[in-house]
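Written below as structure tokens is the structure these notes are about.
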Amino acid sequence: MKRANSQGYHIRKWLAVLEETLANETGQAADGAPLRKIVLGAVIENPYAGKFSRKLDKLIKNSHRLGADFGRRAVELAGKAKIVSYGKACVVGVRGEYEHGNALLTTAFADPVRDALSGGKAWIPSTGKIGGPGTAIDVPLAHKDALYVRSHYDTITVALADAPQPDEIAVLFAFATRGRLHARLGGLNAKNVVGQDGLR
């Protein structure tokens, strides 16, 4: 096992993707501010690659530190824009188990991200898969304070050209600064999302 070099893990690389959409698919200019999506990823050595373990403490134990790093980086990349949506994902190298990726996506990892964004009351959507370098994954997005804000259901697709290697896990977190451009399917309005329970 390689020596830890960041947040209690051996992290080979970080990924940051920034996408800004100014018009929708039919060319309609944004109804307000452009939609900015950010994806952060960390490629981490999987200490359980090639073996079964009932306990996954080596992945879970320091995940709060990893989450704090994700939160800090997300705020820096967003700049003055406020993040209102998020989602998480993992791609586990072929010598690992899907459960290994999920061990890095628990509440311990997510809560420091919520804290960095000044709170987030809603359940965070997530997904994951087994794959090799170049595997594409759709990271789901939903409103951070109320899951059922329909205008904020979205996704962003990412892939890392050289990751994950067979003994690695790519951990991903996506963020958005608004809902879809010209969302018009009704449902709960994001402007009504306030208060402790996430709803007005």
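Could you check which residue among LEU141, LEU185, LEU18 shows the biggest mean-square fluctuation in a GNM of the chain with a 10 Å Cα cutoff? Comparing LEU141, LEU185, LEU18 in the GNM, the peak value goes to LEU185. In plain terms, the chain from ALA4 to ALA161 could stretch by 54.2 nm, reckoned as 0.36 nm per residue minus the Cα-Cα distance. Within the listed set GLU25, GLU168, GLU45, the residue fluctuating most in the Gaussian network model of the chain (springs between alpha-carbon atoms under 10 angstrom) is GLU25. The Rg/Rh ratio for the chain is 0.99, where Rg is the radius of gyration of the alpha carbons and Rh is the Kirkwood radius.
All other residues whose Cβ lies under 10 angstrom from that of ALA16 are scored, Lys and Arg at +1 and Asp and Glu at -1, for a net of 0. Remark: LEU160, LEU147 ranked as LEU147, LEU160, counting other beta-carbon atoms within 10 Å and listing the fewest first. Placing +1 on the Cβ of every Lys and Arg and -1 on the Cβ of every Asp and Glu, with no other charges, gives region 11-192 a dipole of roughly 420 debye about its Cα centre. Placing R0 at 35 angstrom, the Cβ-Cβ distance between LEU185 and PHE52 gives a FRET efficiency of 0.20 after rounding to 0.05. Footprinting exposure proxy ranking of ILE38, ILE130, fewest other C-beta atoms within 10 angstrom first, gives ILE130, ILE38. Taking the number of Cβ atoms within 10 Å of each Cβ as an exposure proxy, the fewest-first ranking of LYS13, LYS144 is LYS13, LYS144.
Each Lys and Arg adds +1 at its Cβ and each Asp and Glu adds -1 at its Cβ; summed about the Cα centre, region 97-200 shows a dipole of about 860 debye.
Calculated FRET efficiency, ASN192 to ALA33, Cβ-Cβ distance, R0 = 25 Å: about 0.85 to the nearest 0.05. The mean sequence separation of alpha-carbon pairs under 8 Å and at least six residues apart, normalised by the residue count of the chain, gives a relative contact order of 26 percent. Using a 10 angstrom cutoff on alpha carbons, build the Gaussian network for the chain and name the most mobile of THR127, THR21, THR177. Checking each option, the largest mean-square fluctuation is seen for THR21.
Note on VAL17 and THR107: with the Förster distance fixed at 30 Å, the Cβ-Cβ geometry gives a FRET efficiency of about 0.75.
Values quoted throughout were computed directly from the atomic coordinates according to the rules given, and no laboratory measurement underlies them. For clarity, every value in this text was computed on a predicted model and none was experimentally measured. Cβ atoms come from the backbone with ideal geometry, glycine included; neighbour counts cover every protein chain shown.
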